[in-house]
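J.: I'd like to ask some things about the structure below.
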Amino acid sequence: MRDLFTLSVLVTVLASGVRLATTYLLAALGETIGQRSGVLNLGVDGVMLLSAFGAYWTALETENLWLAALVGMLVGLLMGVVYAVITLVFRAEQGISGIGIYLFGLGFSDLLFEEIVGTPTPSARLPTLSVPLLADIPYVGEALFEHNLMTFLAFAMVPVIAFLLFRTTFGMNVRAVGENPEAADSLGVSVFWVRFRAILIGNAMAGLAGAALTLRLGNFQNNLTQGLGFIAVALVYFGAWRPRGVMLGALLYGIVGALVLQLKARQIIPLEASDLAAMAPAVLTIVALVVLAGRVEAPSALTQPFSRD
């Protein structure tokens, strides 16, 4: 147990935590934009699964990682169009629609994998990159500045999404339709198109998150995400619908997950308790949400359909 708290182990845990946070962060940032506009998407996990398979199959066939990531985003966009039509055109209940998208993504990704690939086959993986000079900083450089491109992109997106939401006209409109769509509509803001674009952005980032996951692992399997999309939705609440808070939540979740992996690898956690210990990050998220309940306010029009009639 004493060996767990050495500097080298702590650096390893931090580096693994940052790496694990990548997928959560990308998906949760996209979901933040959607929820800020008043749209809850519980189908994030299904979108991630389909996008992960699309990216995996592309990487397997072409070995072009850029194309694989692009395919993942395009799959996410396509699913975003489907979800937007269901929730905005037909004004279906968002929670049920999201679960439907999740189940479709889960089942269809499994079907595609079984029919097209069959057995897990390694594909090209994202290489690890080092930031010049910063990566040479003892300990800190290894933990923070030696990761794949998707990890750097995910954390770079935090200020980008914050700027988009709080410093642009589009962001102002997103927040307006998420708080009071009737008032926004009376001022000439198209609630439909603002929410439509927010859904597309959110789903594209969920698609990128799925691609990041499979390209980091270099493989695909049935139910690869194992519910990561639902954790991403929870992290939006954890972060109080702000990109910086979402990032902190993703880091906390990733570091706890990395710590559990270290405890299992060093056999500090008994084998019979390993499955129970693997639940620690999810339990932590639930506890955090319970603590935060009532202390943060969701967008007033979240999950509420809008009609000019």
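J.: Can you pull out the residues in the stretch 141-152 that are in contact (Cβ under 8 Å) with a residue 40 or more places away in the chain and surrounded by fewer than 21 Cβ atoms within 10 Å (Cβ to Cβ)?
T.: Result: E142, A143, L144, E146, N148.
J.: Pairs please, first residue from the stretch 106-126 and modelled with pLDDT under 95, second anywhere and exposed (fewer than 12 other Cβ atoms within 10 Å of the Cβ) and of a type outside the set (S, T, N, Q), Cβ atoms under 6 Å, 6+ apart in sequence or on different chains.
T.: Close Cβ pairs satisfying both conditions: A124/E63.
J.: Hey, another quick one. Pairs, please: C-beta under 6 Å, at least 6 apart or cross-chain, first residue farther than 12 Å from M48 by Cα and in the stretch 71-99, second β-branched (V, I, T) and surrounded by fewer than 23 Cβ atoms within 10 Å (Cβ to Cβ)?
T.: Cβ pairs passing all conditions: A92/I86; Q94/T303; S97/I86.
J.: Pairs under 9 Å by beta carbon, first residue over 11 Å from V44 (Cβ atoms) in the stretch 218-237, partner polar (S, T, N, Q) and surrounded by fewer than 22 Cβ atoms within 10 Å (Cβ to Cβ), six or more apart or different chains?
T.: Cβ pairs passing all conditions: N219/T121; F220/T121.
J.: When you look at G95, is it modelled with pLDDT of 95 or more and within 19 Å of F230 (Cα to Cα), yes or no?
T.: For G95, the condition - modelled with pLDDT of 95 or more and within 19 Å of F230 (Cα to Cα) - is not met.
J.: So, in the stretch 118-144, of the ones that are small (G, A, S) and in a helix (DSSP H, G or I), which residue ends up nearest to A212 (Cα to Cα)?
T.: A143
J.: Residues being within 18 Å of I33 (Cα to Cα) and of a type in the set (A, V, I, L, M): count how many of those fall in the stretch 87-100.
T.: Residues that pass the stated criteria total 1.
J.: In contact with a strand residue (DSSP E or B) (Cβ under 7 Å, 6 or more places away or on another chain) and not β-branched (V, I, T): is that true of R19 in this structure?
T.: It is true that R19 is in contact with a strand residue (DSSP E or B) (Cβ under 7 Å, 6 or more places away or on another chain) and not β-branched (V, I, T).
J.: Restricting attention to the stretch 14-56, which residues are of a type in the set (D, E, K, R) and over 12 Å from the mean Cα position of the chain (by Cα)?
T.: Matches in the stretch 14-56: R19, R36.
J.: Quick check on T62: is it more than 23 Å from E179 (Cβ to Cβ), without any contact (Cβ under 8 Å) to a residue 24 or more places away in the chain and of a type in the set (S, T, N, Q)?
T.: So T62 fits the description; yes.
J.: What is the number of the single condition among (1) modelled with pLDDT under 75; (2) surrounded by fewer than 16 Cβ atoms within 10 Å (Cβ to Cβ) that N222 does not meet?
T.: Looking at each condition in turn, N222 falls short on (1).
J.: Picking from Q226, Q221, which residue would you name as being on the phi < 0 side of the Ramachandran plot and not in a helix (DSSP H, G or I)?
T.: Matching residue, one of Q226, Q221: Q221.
J.: Also, I was wondering about something else. Identify the single condition in (1) out of contact with any helix residue (DSSP H, G or I) (no Cβ under 7 Å at 6 or more places or on another chain); (2) among the hydroxyl-bearing types (S, T, Y); (3) more than 22 Å from T87 (Cβ to Cβ) that Y253 does not satisfy, given that it satisfies every other one.
T.: Of (1) out of contact with any helix residue (DSSP H, G or I) (no Cβ under 7 Å at 6 or more places or on another chain); (2) among the hydroxyl-bearing types (S, T, Y); (3) more than 22 Å from T87 (Cβ to Cβ), only one is false for Y253: (1).
J.: Something else now. Pick from the stretch 90-107 the residues that are of a type outside the set (G, A, S) and within 19 Å of the chain's Cα centre (by Cα): which of them is surrounded by the fewest Cβ atoms within 10 Å (Cβ to Cβ)?
T.: The qualifying residue surrounded by the fewest Cβ atoms within 10 Å (Cβ to Cβ) is L103.
J.: If you go through the stretch 187-203 one residue at a time, do you hit one that is closer than 19 Å to L65 by Cβ and touching a Lys or Arg at 6+ places or on another chain (Cβ under 9 Å)?
T.: Among the residues of the stretch 187-203, not one is closer than 19 Å to L65 by Cβ and touching a Lys or Arg at 6+ places or on another chain (Cβ under 9 Å), which makes the answer no.
J.: What are the residues in the stretch 238-248 that are modelled with pLDDT of 90 or more and assigned to a helix (DSSP H, G or I), if any?
T.: P243, R244, G245, V246, M247, L248
J.: Hey, can you tell me all the residues within the stretch 176-218 that are among the polar types (S, T, N, Q) and crowded, with 23+ Cβ neighbours inside 10 Å?
T.: Residues satisfying the conditions are N203, T214.
J.: Give just the number: which of (1) within 26 Å of Y83 (Cα to Cα); (2) in contact with a Leu (Cβ under 9 Å, 6 or more places away or on another chain); (3) at pLDDT below 90 does L215 not satisfy?
T.: (3)
J.: I would also like to ask the following. Can you name the residue in the stretch 120-140 that is polar (S, T, N, Q) and over 24 Å from L7 (Cβ atoms) and, of all such residues, is surrounded by the fewest Cβ atoms within 10 Å (Cβ to Cβ)?
T.: Across the stretch 120-140, the extreme among qualifying residues is T121.
The values are calculated or read from the model by the stated rules, or taken from the named source; none is laboratory data. Just so you know, these numbers come straight off a predicted model, no measurement behind them. All Cβ positions, glycine included, derive from the backbone under ideal geometry; neighbour counts span all protein chains shown.
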